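Contents: one structure, followed by commentary.
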Amino acid sequence: MSITLDIKLKRADKIYSEADIVSGILVIDTNSDFKHDGITLTMEGSVNLQISSKNVGIIEAFYNSVKPIQLLNVTCDVTQAPGRIPAGVTNIPFEIPLKPKPNRVLYETYHGVYVNISYSLRCDIKRSFLSKDLQKCQQFFVQYKPGSASCPQLPLKDNRKPVSFELSPKNLASGGSGAPDFLLRGHLDTVCCNISKPFKGQLTLVRCAAPVRSIELQLVRVETCGCAEGYAREATEIQNIQIGDGDIAQNIPILIYMVFPRLFTCPTLITTNFKIEFEVNIVVVFEDDHLITNNFPIILVRE
Amino acid sequence: MSSDLISWKTLNVNTKIKTSFSEAVQEHPLKNIVVTERIPRRILGSTPSTGRTTPVSTPSNISEPLANALKQLDPLTEFAMHEEMDPLSKIAAEMDLTDSCIRTVNEGNKKKDEKLFNKTDLWSYRRAAILQKYTTSEKLTMVISYLIEGEKVVVKAQSTAVDKVQHRLEQLDSFEEGSQRKLNLSQTEYISQIEELNKELIMVWNNEQRVKALKIAIQCAKMLTDTDVLIFYPSKFVLVTDILDCFGKLVYDRLRIKAEYYKPGSKVPTALPEDFTPDMVPSTAKETCLNWFYKIASIRELVPRLYIEMALLRSYYFISSSDCTEALFRLTKMIQGIGNPVVAVYARCYLCRVGLNVTIKDSNLTYLRENFDSFLESYQHIFRSVKGQLHKEKMSLSTYMTLYAPALDFIMETVTLHSPESTLNEILANCKRYSNSSLILNTIMSGFKPAYVSERCLQFLSMIGQCTDDGIPLSALLRTLGLCVSVSPPLKEHRAQILNSVYLNMNLLKNPSEYITCFEVWIQFVAKYFSTKEVDSLLGDFLYRMIKNEEQITYSVELQNIMDKIITNISDIESFLVMDHFFAVMDLFEDKSRLIEVSKVILCKYNATVHQTDDPVVTNVLMYLASNLHDSINMLTPEDEKRQISQILCKTIRIVNYGLDFDLQLDLYVEARHAFCILDTVIAELVKCVNNLAVSVRQVVKGYHTRKTADFVRACAAYCFITIPSINCTRTRLKLYLFSGQIALYNSCLGQADACFKAILSTISELPCSTDTDLFLPAFVRQFLSLLMVVPDNPERGVLSLIKSLLNTIRNFKWQTSSSVLGFFYVHVIDLLSVMAQEVYPYHVDKVESNDSLWGSDPKFIDEINNMIAVVIGEILFLLQDLGPCQKQYQIAMELFVRFAVRADLRVKELNGLALKLWNLCIKSNYPDIKYMATTKTYLKNKSLTCDNEELQRLAEKMSLLQK
């Protein structure tokens, strides 16, 4: 006897916004009929915070563990009473409105190192003690609805001017020791970026005494966990994209172009308990492994 | 003569009173032959006569495993494919590449519309040329992390248990990521490794391991970052992009097929049609496609990311119709991030190639131009960045520059195909801004329409002169320009100036091989548009260079090309042959086979253009060329080649005509006989020519030979008589003897004619016994017999000695088939003899007295003839007996009967009786042609009435048509 349980969502991309109705079907495929003691469907959403091992010593004084913050928990019974499922494929449609718990906001789905925001649907089929219960989990994604008043976006939309920058040994933090003589000019279209649009800009190597090996764009997340008592701030790399390979031609503009990865980014989020922020580093690596980094904090929004 | 011979008496036709008896026929003799059932005839032209059945292989990306297995080459082909090319074909491939570029562009005008939709063609011929040209013997490195498991299992299948465990462990290791191995491979191994990767990719894809497939594709694209062995890079590019194309197609096809599309009004999901629009694509397919693009956007390294995106460009159509074009422009900009100029230019090449394949009609094609301009902008960068690497690889800058050519030419070609003339002007102006760089100049010249280039030939020449960098060598630039000029003529008023300028430039070339490659192209231009004088002086210059050249390199190939080009383009071939440097240039050929080829080409061209010449100098050159050809023949020469050469020589011999200078003409023939003694056909031709000459002489003197002309025609006859025996073929000899004999007779050279006829008699016995001979000989003998009638008897050898010896020869000849042929022969002899018994022969040779006037119907002579006829009839009767009742017997008997009825004097009772017997034999035979016999009877009856021949009339009455 084999039973498979599946949750199929109506939307192919599985992306929902607050107040949407999550709809889909439960699919039970069995080759012989079986008894059950009730079927329930649970929709959950939570923020999981994890403390970096580096900081665990400090934090431990205050908390042993950081509790997950539950944003959403709805349970509904598909059938309360025990019953039978006939052999063959049984489709049970469902519809659940996506509403946060009181006093909570539905943040966007995000998978980070120390902060995870995830949403899922879970279906349980209870059965008698002789046979195992069946369970199936299905993740779905939450995104802010652009223009909706309820989304917790930051009021940073006015800062849309291009940001230009210039790099040379003079304006290095280290004072330019060890760096060859070079001049790098460029601009970013904006540092307040729409998450669904690529990150764009352009840079030009005006002059350079030593050959360049690589020019890279590093996308970094800065996650802060904690509360008023103390916090842990961790910056980790999401991705590193090469935009210039080898000894690039001088005085020819190079396109800065990066697509924000889907799961690992979300609109910049600042709450009392945690923060998710992003930064972009422009990294120039010279042939002699000398490395120059220019950091740009960026703000991601969904529009 | 035995006593049972019948006594024959020939009927003497009274020519004075004879009114020619003729009878209207009811049926045309040929009417029976009309074929009622027509057999469909195969037209020769419809079948390929070359027998080339090898299909042209086209690169195809097949994803099915079965087809993939089929794709595997047999070891031989594989070897042939990987075999390093010899330098010659390499050069040829290189030339083809440049030449065909020009050609395509030229055709491009006409076929522009066609071209637009046949874009892959543009690339495919380049592809092969690149693979041929850019090869290496150095070791190549390849970093691989996905080894081919299947292969390893096969290799180690027979090893010991310990090995097996180890092998299993290794295999497990290799599955882990990051276990990269750096391999040192030869070119062949490298290619097969790439091939393996391709197979692996398809296999993995079919096993639903998409991520792994993507990883392999990335791995491949990564190889293009590495320019370790520069000279191999273009080939590597071709191989790798093939895999990428395949990958792109796999992704696209799968997305298309997996996308469940509901046709309007239909409930059954089907795959998307080929020409779908984005709004037809279901959201699941869009999602999958987006995932692909998110995935590739996160590829860390620039070059693989660009290449993979380019490979997948087509899939953008699942998302929206504008994304693809946007991506093309974005990628164009992003390529600027590639530091290595070679890598960058090939990436651009791939972009243009893929771009052409994915863009639909009316889409924006300016990215092509943008790619070219971007290259121009970064041009100076090339020189800054590569010095170090070139030094390391010991490569010269000019060789390095040629690496750019295939990619750049392709980009240029796409630009020119899709843009108006004005764009070209802009590009040219742009090029000037970048200080007339040689590489770009070269690309422009090979990429633009030749007509455009040659119109501005002078401008280009001055730009070439101003070239500041040392990229593409001067010779290559001149060569490219020369190719353009030879395809499309420059303005008339500029031509002289162009020639001067090119001449000056060519003098700057120090290296003889550079000089010769330039010369090769430009001589075509000179030959086409200038007189032989210029060609001659250029060749003189060329000779001076070649003789001065101390290096012991021979340039036979180039020399041959040069000659070929001159010959095809020159208008006045005769003056070319007699120019000062002709022989000196021919002497330069060290490779005899090429000399022969060139001689052949010259002669062919000469034969085709000139119809007659009387210039002894030209003739001398022709004889030299012809003997070159003739001397090339040896035991191993194929028949066909011999035939071809013979034809050329015959044609040439016929062209030389000194008109009334007969002596000179005969001298030429004597010389030719000496020079071309091997070729039967040529010798035969010479004999015919000499006979022809003899006839012309006779025509000039109108038959009245002076002593001098008589001597001359005798010399001609002697020439024929001594030339003929050297011919191998017996039949040809026979025919020529007969022909020469006729001509000798015509010229009243009786002795010579007689000699010829005697030669015929002795030659007949040399004929081989075969069915062919049985067909040939009777026809030949009939011809001979009709000639013999007018040949006067040789007083030294008695009456009719020639005919008697002929009779003996034929009788003793070993016939292949039955003796029936002999029977017919005898019948014809009867014909001849009975005509010879007439008082006046029906035809004569002018100025030759035949037997009729020699003997004046002397009774002895007539008796002799009658006796001979009697003997012959005896032979025939004997033959008939020998044959027994059969169709042949009937035929011979019937023929004989007709002779009796027409030729014999039927008043002799014996003859009359015999005739009737023959008739009865015929009618009783098993195979009588009653219709024919009835017609014969009617004919004879009518004839007897007209001629007042009572005997014949009686005979006709007695002839019964009743069978048994």
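The values are calculated or read from the model by the stated rules, or taken from the named source; none is laboratory data. Treat the numbers as computed from the prediction; the structure is a model and nothing was measured. Using ideal geometry, Cβ is built from the backbone for each residue, glycine included, and neighbour counts are taken over all protein chains shown.
Values as computed for the structure displayed
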| read-out | value |
| --- | --- |
| Matching residues, region B:373-429, being over 19 Å from B:Asp228 (Cα atoms) and in the same structural domain as B:Pro341 (by the TED database) | B:Asp373, B:Ser374, B:Phe375, B:Leu376, B:Glu377, B:Ser378, B:Tyr379, B:Gln380, B:His381 |
| Test result for B:Glu301, within 18 Å of B:Leu331 (Cβ to Cβ), assigned by the TED database to the domain that holds B:Leu351 and among the acidic types (Asp, Glu) | yes |
| Matching option when the condition is aliphatic (A, V, I, L, M), over 26 Å from B:Leu397 (Cα atoms) and surrounded by fewer than 16 Cβ atoms within 10 Å (Cβ to Cβ), among B:Ala527, B:Ala496 | B:Ala496 |
| Set B:Ser599, B:Ser593, B:Ser575: member being in contact (Cβ under 8 Å) with a residue 24 or more places away in the chain and over 30 Å from B:Asn634 (Cα atoms) | B:Ser575 |
| Subset tally (residues that are away from chain B (no Cβ under 14 Å) and among the hydrophobic types (A, V, I, L, M, F, W, C)) for region A:223-271 | 8 |
| Sole residue being within 18 Å of A:Asp33 (Cα to Cα) and either assigned to a strand (DSSP E or B) or in contact with a Leu (Cβ under 9 Å, 6 or more places away or on another chain) (or both), chosen from A:Arg127, A:Arg122 | A:Arg127 |
| Extreme residue, nearest to the chain's Cα centre (by Cα), among residues of region A:163-181 that are under 14 Å from A:Val283 (Cα atoms) and in contact (Cβ under 8 Å) with a residue 60 or more places away in the chain | A:Phe165 |
| Subset of region B:916-932 [surrounded by 15 or more Cβ atoms within 10 Å (Cβ to Cβ) and assigned to a loop (DSSP other than H, G, I, E, B)] | B:Ser925, B:Pro928, B:Asp929 |
| Index of the failed condition, B:Asp580 passing every other in (1) assigned to a helix (DSSP H, G or I); (2) surrounded by fewer than 19 Cβ atoms within 10 Å (Cβ to Cβ); (3) free of Cβ contacts under 8 Å to residues at least 60 places away in the same chain | (1) |
| Test: residue in region B:690-713 that is of a type in the set (A, V, I, L, M, F, W, C), surrounded by fewer than 21 Cβ atoms within 10 Å (Cβ to Cβ) and in a loop (DSSP other than H, G, I, E, B) | no |
| Conditions (1) touching a residue at least 40 places away in the same chain (Cβ under 8 Å); (2) away from every other protein chain (no Cβ under 11 Å); (3) over 47 Å from the mean Cα position of the chain (by Cα); number of the one not met by B:Cys352 | (3) |
| Some residue of region A:136-149 being at pLDDT 85 or above and assigned to a loop (DSSP other than H, G, I, E, B) | yes |
| Residue check for B:Lys909: loosely packed, with under 15 Cβ neighbours inside 10 Å and out of contact with any helix residue (DSSP H, G or I) (no Cβ under 6 Å at 6 or more places or on another chain) | yes |
| Answer residue from region B:272-294, given it is exposed (fewer than 14 other Cβ atoms within 10 Å of the Cβ) and either more than 14 Å from every other protein chain (Cβ to nearest Cβ) or touching a residue at least 60 places away in the same chain (Cβ under 8 Å) (or both) and is nearest to A:Arg262 (Cα to Cα) among those | B:Asp279 |
| Residue match in region A:197-218 (condition: away from chain B (no Cβ under 14 Å) and out of contact with any His (no Cβ under 9 Å at 6 or more places or on another chain)) | no |
| Members of region B:393-429 that are touching a Phe, Trp or Tyr at 6+ places or on another chain (Cβ under 8 Å), at pLDDT below 75 and among the hydroxyl-bearing types (Ser, Thr, Tyr) | none |
| Residue in region B:311-322 that is within 30 Å of A:Glu237 (Cβ to Cβ), facing chain A (nearest Cβ under 9 Å) and of a type in the set (A, V, I, L, M, F, W, C) present | no |
| Of all residues making up region B:466-500, the number that are farther than 15 Å from B:Leu441 by Cβ and small (Gly, Ala, Ser) | 3 |
| Index of the failed condition, A:Ile282 passing every other in (1) more than 9 Å from every other protein chain (Cβ to nearest Cβ); (2) surrounded by fewer than 16 Cβ atoms within 10 Å (Cβ to Cβ); (3) over 19 Å from A:Gly112 (Cβ atoms) | (2) |
| Residue selected from region B:775-807 under the condition in contact (Cβ under 8 Å) with a residue 24 or more places away in the chain and of a type in the set (Gly, Ala, Ser), by the criterion farthest from B:Val848 (Cα to Cα) | B:Ser805 |
| Yes/no for A:Lys200 being out of contact with any helix residue (DSSP H, G or I) (no Cβ under 7 Å at 6 or more places or on another chain), assigned to a strand (DSSP E or B), closer than 30 Å to B:Ser374 by Cα and among the basic types (Lys, Arg) | yes |
| Output for region A:97-133, where each listed residue is among the hydrophobic types (A, V, I, L, M, F, W, C) and either farther than 30 Å from A:Thr30 by Cα or crowded, with 18+ Cβ neighbours inside 10 Å (or both) | A:Leu98, A:Val105, A:Leu106, A:Val113, A:Val115, A:Ile117, A:Leu121, A:Cys123, A:Ile125 |
| Unmet criterion (only one of (1) within 11 Å of another protein chain (Cβ to nearest Cβ); (2) under 23 Å from A:Ile15 (Cβ atoms); (3) of a type in the set (D, E, K, R)) for B:Lys258 | (1) |
| Region B:295-323: number of residues that are of a type outside the set (D, E, K, R) and surrounded by fewer than 20 Cβ atoms within 10 Å (Cβ to Cβ) | 6 |
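Quick grid of which residues meet (1) hydroxyl-bearing (Ser, Thr, Tyr); (2) crowded, with 23+ Cβ neighbours inside 10 Å; (3) in a helix (DSSP H, G or I); (4) at pLDDT below 90:
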residue	(1), (2), (3), (4)
B:Ala718	no, no, yes, no
B:Phe721	no, no, yes, no
B:Leu738	no, no, yes, no
B:Gly741	no, yes, yes, no
B:Ala744	no, yes, yes, no
B:Ser748	yes, no, no, yes
B:Gly751	no, no, yes, yes
B:Glu766	no, no, no, yes
B:Pro778	no, no, yes, yes
